[in-house]
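No value in this document is a laboratory result; all are computed from the given coordinates. Keep in mind it's a predicted model, so treat the numbers as computed, not measured. Cβ coordinates were reconstructed from backbone atoms using ideal geometry, including for glycine residues, and neighbour counts include every protein chain displayed.
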Amino acid sequence: MIRTIFTITYLLFVALFASLQAQEIWSLEKCINYALDNNIKIKQGVIATGYQQNQLKQTKYSRLPNLTGQVSQNLNFGRSLTYDNTYKDINSSQTDFGIGTNIPVFQGFYITNNISKLELDLQASIEDLSKAKSDISVNIASTFLEILFAKDLVKVSEDQLSVTNLQIKQITEKVDAGSLARGSLLEIEAQAAGEELNLVNAQNQLKIARLRLTQLLELPSNDAFDVEVPALPEISAQASIVSAGEVYKSAVLTRPEIKGADLRYQSSQYQLKMAQGALYPTISLYANIYDSYNNKYKDINGADIAFSKQLKNNQRKGIGAQMNIPIFTRFANKIQIDNARLQVLNTQLELESTKKLLRSDIETAQTTAIAALNRFNSNQKAVSSMREAFRYSEEKFGVGLVNAVEYNTAKTKLAKSESDLLQAKYEFIFRTKILDFYRGLPLTL
């Protein structure tokens, strides 16, 4: 019996723990950190950086001497060269051994320039990884704020429907008492039906925003998934917005997309030097050792020569230097140099284009933030006025001085102004956070 109670208690504890885990609330920081650790594109960026590191290592190692070995087995039939340098009609088997090395001495500065190029490519790959992390962070922050906006919208819709349901209850009592016509009840019930639809739409919008966030996090869709509602900053009517020019001055020095484009521009210049280096002669040193064994080699007495003795007597060694001079390469070198120059111009244009796009994004964020602040201030005044107008209309409706149509019109205007206020609020918060992010500040709420 005790064992059964213990088992049931344990299972209940496990179920409770699993339930608490399933209902865990995610903060913005947790969402961003999770994505940076688990996002597939981020992992691919890490792999790409590792590939660039290996390319750089391989190029650095190309300065070292190589070492190759060779073993071959030959079967000879008919007239063959004998050990005493005469030919006889004899079948034989010969084994050849060899080992050699080649040392690059001068390659037209190709290796040096290629190392410099690949070091820049590696740094550019690291900046690409930073850019991918930046993009996923911004996308998560945007979707996170969409969820907060949708939550507030659901709350507004619920409050509106709650007021309407209360009004229906009051009107029903008056209709039953005969002090109010049934048409007023039907009109307010129609208003409630419309508000129920608005609530459903707001709830669907919230579900879709949550789904988008789980997809960004690459998590399975889960109805229990929810986000933390932080204490958002208060927006004052005179809120200051940093200038686009100031943000750009900071961003152009720190943003990974600018750094990456600049590094690729520098890399293309080394690619041009590598192409020009192909016009120089190349110099290399080489050394080799060669040996062989033939099963039909005999000494002057006609006896077979032993394997070890043949290896000692047949060994040959060599060392030398080689220079290759490009005289005519069918204009291949010239075309490679021209293409490298074009690539330098192209990467320079890409750098300028990236800077212009960054400036455009910053200016758009600032302009949108200013517009959102203006809308927020206007809507804040509108909401204050609409609430007072609705309160007045509600009082008059309660005593029959206004009909249901006028009452519903006032209520609809209030709902729209509250929705517009929320939209302007979250738009302003998001754009100001983006401006701070461009300045190098972390994304936090």
Those residues of the stretch 58-100 whose amide nitrogen sits under 20 Å from the label point placed on residue 321, 7 Å along Cα→Cβ: 63-66
Convex hull volume per residue for the stretch 309-367, taking Cα atoms only, in Å³: 200
Kyte-Doolittle mean at least -0.5 and Cα axial length at least 27 Å: DSSP H helices in the chain: 2-22, 110-177, 182-216, 404-438
Residue 339 paired with residue 378, simple spin-label distance in nm, labels 7 Å along Cα-to-beta-carbon: 5.7
Separation of the residue 103 and residue 87 label points, Cα + 7 Å toward Cβ, nm: 4.1
Förster radius 41 Å - calculated FRET efficiency between residue 203 and residue 253, Cβ distance, rounded to 0.05: 0.35
Charged-residue dipole, Cβ positions (Lys, Arg, Asp, Glu), the chain about Cα centre, Debye nearest 20: 2100
Protection-proxy order for peptides 344-357, 402-415, each taking the mean of Cβ atoms within 10 Å per residue, highest first: 402-415, 344-357
Convex hull volume per residue in cubic angstrom - Cα atoms of the chain: 327
The stretch 159-235 - Rg (one decimal) and Dmax (whole number), Cα, Å: 19.4, 60
Cβ-based charge dipole, the chain, positive-most Cα from 374, 50, 209: 50
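Would you list 24, 394 from fewest to most Cβ contacts within 10 Å?
24, 394
Note down the relative contact order for the chain as a percent, whole number, built from C-alpha pairs under 8 angstrom at least six residues apart.
On the way: 555 pairs, mean separation 99.9, N = 445.
Contact order relative to length: 22 percent.
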Dipole axis of the stretch 239-310 (+1 Lys, Arg; -1 Asp, Glu on Cβ), positive-most option in 285, 254, 305: 254
Cα-projected label distance for residue 280 with residue 360, points at 7 Å along beta-carbon direction, nm: 4.2
Cα centroid separation - the stretch 171-188 against the stretch 365-407, whole Å: 27
Mean projected area in nm² (Cα convex hull; one quarter of hull surface) for the stretch 225-367: 23.2
Most to least packed among 330-340, 182-192 [average Cβ atoms within 10 Å]: 182-192, 330-340
q = 0.14, 0.17, 0.19 Å⁻¹: log10 I(q)/I(0) that the Debye formula gives for the stretch 185-302, counting C-alpha atoms only: -1.07, -1.14, -1.15
Lysines with Cα under 21 Å of residue 413, excluding same-chain neighbours fewer than 8 positions away: 151, 155, 381, 396, 425
Sum of side-chain charges, residue 393 neighbourhood, beta-carbon under 11 Å (Lys, Arg +1; Asp, Glu -1): +1
Mean Cβ count within 10 Å, highest first, over the residues of peptides 41-47, 267-273, 75-81: 267-273, 41-47, 75-81
